[in-house]
1. Please go through region B:196-220 and give me each residue that is within 11 Å of another protein chain (Cβ to nearest Cβ), closer than 21 Å to B:I116 by Cβ and among the β-branched types (V, I, T), ordered by number.
2. Is it the case, given these coordinates, that A:A161 is crowded, with 24+ Cβ neighbours inside 10 Å, more than 20 Å from B:V209 (Cβ to Cβ) and in the same structural domain as A:I203 (by TED's automatic domain parsing)?
3. Sort out which residues of region A:9-26 are of a type in the set (V, I, T) and open to solvent by 70 Å² or more (accessible area, probe 1.4 Å), and write them in order of number.
4. Between B:A127, B:A136, B:A102, B:A113, which is in contact with a helix residue (DSSP H, G or I) (Cβ under 6 Å, 6 or more places away or on another chain) and open to solvent by less than 10 Å² (accessible area, probe 1.4 Å)?
5. If you check B:A48 against the conditions, is it in contact with a Leu (Cβ under 6 Å, 6 or more places away or on another chain) and under 27 Å from B:V161 (Cα atoms)?
6. Looking at region A:50-72, which of its residues are farther than 22 Å from A:L143 by Cα and either among the acidic types (D, E) or within 10 Å of chain B (Cβ to nearest Cβ) (or both)?
7. Do we have B:G193 as more than 14 Å from chain A (Cβ to nearest Cβ) and surrounded by 21 or more Cβ atoms within 10 Å (Cβ to Cβ) here?
8. Quick check on my filter: what residues within region A:115-137 are more than 14 Å from every other protein chain (Cβ to nearest Cβ), open to solvent by less than 20 Å² (accessible area, probe 1.4 Å) and touching a Lys or Arg at 6+ places or on another chain (Cβ under 7 Å)?
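The values are calculated or read from the model by the stated rules, or taken from the named source; none is laboratory data. On a predicted model such as this, the values are computed, not experimentally measured, just so you know. Methodologically, a virtual Cβ is constructed for each residue, glycine included, from the backbone with ideal geometry; neighbour enumeration extends over all protein chains shown. Note: areas computed on protein heavy atoms with side chains; ligands, DNA, RNA excluded. Shrake-Rupley method; radii C 1.70, N 1.55, O 1.52, S 1.80 Å.
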Amino acid sequence: MMPLLRIERVSRHFRGVAALDDVSLDVPEGSISSLIGPNGAGKSTLFNLVSGFFRPGAGTIALRGERIDGIGPLRIARRGIARAFQIARPFPGLTVAENVRVGALFGSLGRRDVAAVTRDALTLAGLAARADQPAANLPLGHLRRLELARAIAARPMLLLADEPCAGLNRSETEEIIALLREIHRRGVAVLLVEHDMAMVMRISDRIFVLDAGSKIAEGPPEAVARDPRVIAAYLGTPEED
Amino acid sequence: MSLWQEGIRRHRGWIAASLLGFVVLAFAPALLPPFYLRVGTLFLFSAALSLSWTLLGGFAGYWSFGHTAFVGLGAFTAALLEGALHLHPATLSLAVGAAAAALACTLLSGLLAWPILRLRGIYFAVAMLAVAQVLAELTSNVDAIKGALGIVLPRVVLPGVAQHVLYYRLFLVLLFAILAIAFAVRISRLGQGLVSLREDEDTARMLGVPTERYKIAMFVLSAALTGLLGAVYAHSLGYITTESVYRTDISLDMIVYCLLGGIGTLIGPIVGAALMTVVTQVVLGQLLGIHMFLTGALLVLLVLAAPAGLVGLLARRRQVPAA
């Protein structure tokens, strides 16, 4: 079966340094997958390549078999990939509802049922009560949920979530996990970058491990957690384990 | 088109108020003495210009500091073309001149859009300032344009309508036509995309907003409407030179009125233009010696007291975005 997202032999260099070196990975349909690895492993570079901010220096990226590398962030958004940033980037002068509405208006489905899609995304993210407040006034946990609500209002096939739980407390993290699961249950595949290993282990169907620009392991959470290369590269030296 | 229905329903109060405003202003000439009618004409022209400016500056956040470029280009396009064609009657000449003015500004802004709209913030503002300077210099120094010497425009006469009432009416119709266009833009998908790109252009693009296309569309629309106003303004003056239509104070007034009234809103430029026109022409007109000083001081005070404009000041408690 064709994967939802196929990254094939992708490399990207910055000033001669390989941020990603010959990385291939398949994100299956209907999955929650996670991308883990130490700082500088290339996770953000990979996200930037998939969402179109960078072009790969070599290799191809395809969404349901159609190439999306090099077509730019605008058309990638239209094809059905949405991204939620770690550093939430709301439109500060707009209300919470207006923020989500932009996602609904310009997402892959175009302008149909904008009001309904907006309402639905707000409710899903638990933001309905704050719909008419300026986005600039939201606390961090709400901002992350707004980021996710705006992304899913675009009705993507694939949601890229960049450390959605970073800096959140336990209960806020639980809210995000529940929200991601609900998004997934509705048929949106999720690709996470996350540092919170406990969270990654709980939520992921599949984990990809990057280290120094290369993929060093992939598989279901239990297998990856036992993989000696992963333990060495990511979790620390074996002695510490 | 549920988006339109929703927008119209949500803003029906504003639509009703605008129609009422139009009717009141349409009957005002019968009651106003000539001096106040001139003040009224200046207000309508200024408000229409500010609204045209806000299509790009207020909606998309691209502040042009040289929009007088399009007033001047529109005025001289109309003057030169009408002088060459000698159309009769003069109303036809005005219509052709105004259409040509809008077209010339469409072409110029279309050509400028690609290089100039890549500049953000203050760089775009200064680039537009330079465009206005270059056009003004060309107009003065190229003999064929006759900017230094000046051009007389055909005198438009409508039977039964006094000259000063004619331009009041023309600018009134133009103001409300531009208001309707701006409203249609604001409630459309385009308008919501523009506002999101004003807030954060990169994020907007990532969400699927075609930011480049939208910016260019607004730049061209704003320029064309400004050019149209410039052509009618030229007729209202009767005789134009470079100095009378390429005026930095026109460029700045457009911005000031929007800031005063509330930037990004539709009512803001109208409120700002009304306030400043009345204050400068009526109140301070008596104090010619310190007129400019008082105008400046008033501006500083208003901006300090109401950074979101008068509309923002009034709407602050209600959390209702003024349309």
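1. B:V209, B:T211
2. When the stated conditions are applied, A:A161 passes them.
3. Looking only at region A:9-26, we keep the residues that are of a type in the set (V, I, T), and these are A:10, A:17, A:23.
Matches in region A:9-26: A:V17 only.
4. Details: B:A127 fails: open to solvent by less than 10 Å² (accessible area, probe 1.4 Å); B:A136 fails: open to solvent by less than 10 Å² (accessible area, probe 1.4 Å); B:A102 fails: open to solvent by less than 10 Å² (accessible area, probe 1.4 Å).
Answer to the check: B:A113.
5. Answer is yes for this residue.
6. Selection gives A:G52, A:F53, A:E66, A:D69, A:G72.
7. Numbers: more than 14 Å from chain A (Cβ to nearest Cβ): no; surrounded by 21 or more Cβ atoms within 10 Å (Cβ to Cβ): yes.
Answer is no for this residue.
8. A:A125, A:L127
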